[in-house]
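Sending over a structure as structure tokens; questions will come in a sec.
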Amino acid sequence: MVLPGNPGRAFLLSPLDWNAVAAATALHAHPDRNFRYWLLTPAIFLLLLVGLFPLFYSLVVSFMRIDMMDTDTSFAGLYNYANLFSDMRLWAALGHTLLITAIALPIELLLGLAMAYLFLDRMPGRQIFISLLVLPTIISPIVAGATWRLLFDNRFGPINQVLGWFAGHPVTALWTLNPKLVYPAIIFCEIWQWTPFMFLILLAALSNVDKSQTEAASIDGAGFFRTFRRIVLPAIWPVMAIAILIRGLDLVRIFDIIWALTAGGPGTMTETISVYTYSQGFKQFETSYTAAIAFLVIVILTVVVTWAIRRMGLAK
Amino acid sequence: MVTRRDLGKIGLAAGFAGTFTRPAWAADAAQAAVDAAKQYSGQTITIVWEAGLQSLDPLNFSGPKWKELTGIDVKVVEVPVAEMFTKIMQDFRSGAGAYDALNVIPAWMPDLVNAGALEVLDPFVDKYAYRDELQKIAPTYRDNQMMVNGKIYGFPDDGDVFVMYYRTDVLGDPALQAAYKAKFGTDLPVPPTNWKDFDQVGQFITEFTSAKPYGAAFFRESGYGNFMFQERFRNEGGKFFDADTMKATINSDAGIKVLTDWVAENKWAPPGVEQWGFVENLAAFLQGQTAMTISWPPYGRWAASYGTDQEVMSWVPKSTIAGKVGYAMTPGGHPELAAGFCLSVSSASKNKEAAYLFIQWLNSESVSLERVKLPYALRDPFRDSHFTDPGYAALWPEAKDYLAALQAGANNGLLDLSLLQTDKYEEVLRQSVSKLWAGEDPKAILDAAAAEWDAITEKIGVDKQKAVYADWASKSGAYPKM
């Protein structure tokens, strides 16, 4: 007799035995299968409730005309989606988001990689330095933004004071108002907070690179960049690609630092898509239109992420 | 060292003292509210209040006192003013009914009423005989900030008005006055009563004293700049809309002049003034770095060092100018009744009557007088009796002049613009102010702002908004009587 679930020896059974096995399976397997589904039901229900239901509900709302003044729940067709295309502030916000992402992401990657290389070898106090470097990442972004707002304050902020020492006269740079300074200020804060995240992930990836290969390349006369390109990069690429993807998505959703530093100003010069969405949804109560914006962002991100995953070879 | 708990005890003691020394209470609206509220003893009412100093009133004074008198607990939900509208609307829309009583900025009332978030108070006012005491609220607030469509939705509870503060020792300096007369051929106006004089005096002080002190500083940060623009624009003769077409007219010559003058003023104001809000402006004035400024009433109290020795006020810079401050109406003579608060009842509340009784008690003549005198709270005089109260006038040597300036401001003040979806219009103004500090051209800024206002009006509905604007513009404080 072979117990069901041990098919490795099933070929030793006679046809008569096979009938017995089939009968036993019919008796015992069905209750087991149903039971495991019952076990999964609460988790699936919870996921549907907190994940899919709001998504579906938002989609439904995006086809209505609910705003601060009206709660008109009748079907409004593509009214909100049509408005998206003529909303210049929305597209400007998307442009600002892309600008910040396009500048901050490569800098965070390069700085994180450089720092990871720096801390790859053993050195005195390495663990302490790594712990200190990671501190910005564990601070809430809204707190980080509020702190940087104080640091950038033109009257009481230490940044202007320190610059004043070097300049030899008081400096009253308006970091969050001057169009030439406001993006550098935002991007600097973003890089300060999130480069350590890149650093940690890349340090872990670099630590796993086979040293025998890099040493062999070195013996063969390969320079640093050649070794990096041919040996290290292919080895760390899967991890690096994930880090780029995570940080890229974070940057597209950037809200806290902008809100705390500039609230999207001056004017709407630094308004990102998240800030605009929040403003429309929770300050102006354009509920249905906000839902349409959210779905536009979901569609854009889905296309971009799918393309990026294929391009980065992560789908293999 | 006075702790927050001690303040509560002081407040309670003051409350009891008030109870026993004021026999008139027996017949007033406060006592009526207390008597009726006892039936709800053991219940809890939740009130939304601005976070920070404002909420020390219900936390340390009125909340504990109400509990003592009625047995009703008061739970205070502190919300930053920028989030208050959102929180109130979210609670209403969700049907949660988490809030019973509300602090509402009067300019929001049409939106909140239109959404159905506020309870009509007339039946309660009649039931608890509060109309007589309501009539004693200063006319500007009573007539303009209490009703929507002829019904009462909130009790005006905070006499917010901009006041011009000036240093009497600086503007009264004989050497400065002589030099001013030598340069301009006229006496230095103390205080300046129009913007031309204000700018001339301010620039002259900065130059004459080598910026010790600067002639003046202002709120320039966009959130405050919105109020400053609304005031000055109307004092320059500007109208927000063409009443016939509802086309925005903020890009008129008056609007462009205001923004152009602001840029010019910044050249003799302290460096970085573009980012100054309440605290920066306050610190500079109290530390004697500026000779003139415009702000809400608390500046006057704190400049005189009233109550600033308490622990909760430790963040307020020590005044170096007590006894050297004059109070006047802002240039143009029509100060902004900027923001302010009304007390309302949430339509989603499950304890409407208890909530109403609490706000009637808070707003009543006797209790409100105690509240506006609390040194740590930010409620400003708003009843005729507050302006003439001998006790208030004796709080510091110049308090009588201060109260007179507040009353004059209330009588001549300008209401914040209040339409359907007011915040959308104000958001455009806030963004316009920050664009100005980013270096954009005033005319281009206001042309763009007017276009955005028109788009907002179109979306809301021109006729619908026109009716609301006509109602607002007909109020006594909408535009100066030129």
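The values are calculated or read from the model by the stated rules, or taken from the named source; none is laboratory data. This structure is a prediction, so every number in the text was calculated from the model and none was measured. Quick reminder, even Gly has a Cβ in these numbers, built from the backbone with ideal geometry, and neighbours come from all protein chains shown.
Cβ-Cβ under 6 Å, sequence separation 6+ or interchain: first residue in region B:277-294 and surrounded by fewer than 18 Cβ atoms within 10 Å (Cβ to Cβ), partner part of a helix (DSSP H, G or I). Which pairs?
Every condition considered, the pairs that remain are B:277/B:224.
Would you point out which residue out of A:157, A:125, A:164 is surrounded by fewer than 12 Cβ atoms within 10 Å (Cβ to Cβ) and not hydrophobic (A, V, I, L, M, F, W, C)? Break it down into steps so the answer makes sense when it comes.
On the way: A:157 fails: surrounded by fewer than 12 Cβ atoms within 10 Å (Cβ to Cβ); A:164 fails: surrounded by fewer than 12 Cβ atoms within 10 Å (Cβ to Cβ).
After applying the criteria, what remains is A:125.
Consider residue B:416 carefully, then state whether it is of a type in the set (Asp, Glu), surrounded by 19 or more Cβ atoms within 10 Å (Cβ to Cβ) and at pLDDT 95 or above. Steps first, answer last, please.
Details: of a type in the set (Asp, Glu): yes; surrounded by 19 or more Cβ atoms within 10 Å (Cβ to Cβ): yes; at pLDDT 95 or above: yes.
When the stated conditions are applied, residue B:416 passes them.
Still on this structure: Out of region B:82-109, which residues are surrounded by fewer than 21 Cβ atoms within 10 Å (Cβ to Cβ) and within 13 Å of chain A (Cβ to nearest Cβ)? Walk me through it before giving the result.
Applying the first criterion (surrounded by fewer than 21 Cβ atoms within 10 Å (Cβ to Cβ)) to region B:82-109 yields B:82-83, B:86-87, B:89-90, B:93-98.
Within region B:82-109, B:82, B:83, B:86, B:87, B:89, B:90, B:93, B:94, B:95 qualify.
Scan B:74, B:48 and give me the residue that is surrounded by 18 or more Cβ atoms within 10 Å (Cβ to Cβ), assigned to a strand (DSSP E or B), in contact with a Leu (Cβ under 6 Å, 6 or more places away or on another chain) and of a type in the set (Val, Ile, Thr). Even if it seems obvious, please write down each step before you answer.
Details: B:74 fails: in contact with a Leu (Cβ under 6 Å, 6 or more places away or on another chain).
That would be B:48, the only listed residue that is surrounded by 18 or more Cβ atoms within 10 Å (Cβ to Cβ), assigned to a strand (DSSP E or B), in contact with a Leu (Cβ under 6 Å, 6 or more places away or on another chain) and of a type in the set (Val, Ile, Thr).
So, in region A:265-278, how many residues would count as being modelled with pLDDT of 95 or more and small (Gly, Ala, Ser)?
Summing the residues that are modelled with pLDDT of 95 or more and small (Gly, Ala, Ser) in region A:265-278 gives 1.
Would you mind listing the helices (runs of 4 or more DSSP H) fully within region B:395-482 where at least 2 residues are in contact with a Leu (Cβ under 9 Å, 6 or more places away or on another chain) and among the hydroxyl-bearing types (Ser, Thr, Tyr)? Full working, then the answer.
Working: elements: B:399-412, B:422-437, B:442-460, B:462-473.
Result: B:422-437.
Return yes or no: is residue B:300 over 26 Å from residue B:467 (Cβ atoms) and either crowded, with 23+ Cβ neighbours inside 10 Å or in contact (Cβ under 8 Å) with a residue 24 or more places away in the chain (or both)?
Numbers: over 26 Å from residue B:467 (Cβ atoms): yes; either crowded, with 23+ Cβ neighbours inside 10 Å or in contact (Cβ under 8 Å) with a residue 24 or more places away in the chain (or both): yes.
Criteria met by residue B:300.
Moving on to the next point. Among the residues of region B:341-359, is any under 19 Å from the mean Cα position of the chain (by Cα) and either in a helix (DSSP H, G or I) or within 14 Å of another protein chain (Cβ to nearest Cβ) (or both)? Reasoning before the result, please.
First, pick out the residues of region B:341-359 that are under 19 Å from the mean Cα position of the chain (by Cα): B:341-344, B:359.
From what's left, either in a helix (DSSP H, G or I) or within 14 Å of another protein chain (Cβ to nearest Cβ) (or both): B:359.
Scanning region B:341-359, I find at least one residue that is under 19 Å from the mean Cα position of the chain (by Cα) and either in a helix (DSSP H, G or I) or within 14 Å of another protein chain (Cβ to nearest Cβ) (or both), so the answer is yes.
Any chance you could count how many residues in region B:100-152 are under 20 Å from residue B:355 (Cβ atoms), aromatic (Phe, Trp, Tyr) and within 23 Å of the chain's Cα centre (by Cα)?
1
Another one. It is to be established whether one or more residues within region B:167-183 are among the polar types (S, T, N, Q) and more than 23 Å from the chain's Cα centre (by Cα). Talk me through it step by step, then tell me what you get.
Within region B:167-183, the subset among the polar types (S, T, N, Q) is B:168, B:177.
Narrowing the set further to residues that are more than 23 Å from the chain's Cα centre (by Cα) leaves B:168, B:177.
The answer is yes, given that some residue of region B:167-183 is among the polar types (S, T, N, Q) and more than 23 Å from the chain's Cα centre (by Cα).
Can you pull out every residue in region B:435-450 that is out of contact with any Lys or Arg (no Cβ under 8 Å at 6 or more places or on another chain), over 19 Å from residue A:176 (Cα atoms), of a type in the set (A, V, I, L, M) and touching a residue at least 40 places away in the same chain (Cβ under 8 Å)?
B:446, B:449
Restricting the search to region B:110-131, which residues are touching a residue at least 60 places away in the same chain (Cβ under 8 Å) and surrounded by fewer than 18 Cβ atoms within 10 Å (Cβ to Cβ)?
Correct list: B:116, B:129.
Tell me, which residue of region B:267-281 that is at pLDDT 95 or above and more than 11 Å from every other protein chain (Cβ to nearest Cβ) is farthest from residue B:404 (Cα to Cα)?
B:267
I would also like to ask the following. I'd like to check something: does region A:247-255 contain any residue that is of a type in the set (D, E, K, R), closer than 17 Å to residue A:99 by Cα and within 14 Å of chain B (Cβ to nearest Cβ)? Working first, answer last.
Initially, region A:247-255 is screened for residues of a type in the set (D, E, K, R), giving A:247, A:250, A:253.
Still in the list and also closer than 17 Å to residue A:99 by Cα: A:247, A:250, A:253.
Then drop every residue that is not within 14 Å of chain B (Cβ to nearest Cβ), which leaves none.
No, there is no match, as no residue in region A:247-255 is of a type in the set (D, E, K, R), closer than 17 Å to residue A:99 by Cα and within 14 Å of chain B (Cβ to nearest Cβ).
Which condition number in (1) at pLDDT 95 or above; (2) within 14 Å of chain A (Cβ to nearest Cβ); (3) assigned to a helix (DSSP H, G or I); (4) closer than 23 Å to residue B:416 by Cβ is the one that residue B:261 fails?
Every listed condition holds for residue B:261 apart from (2).
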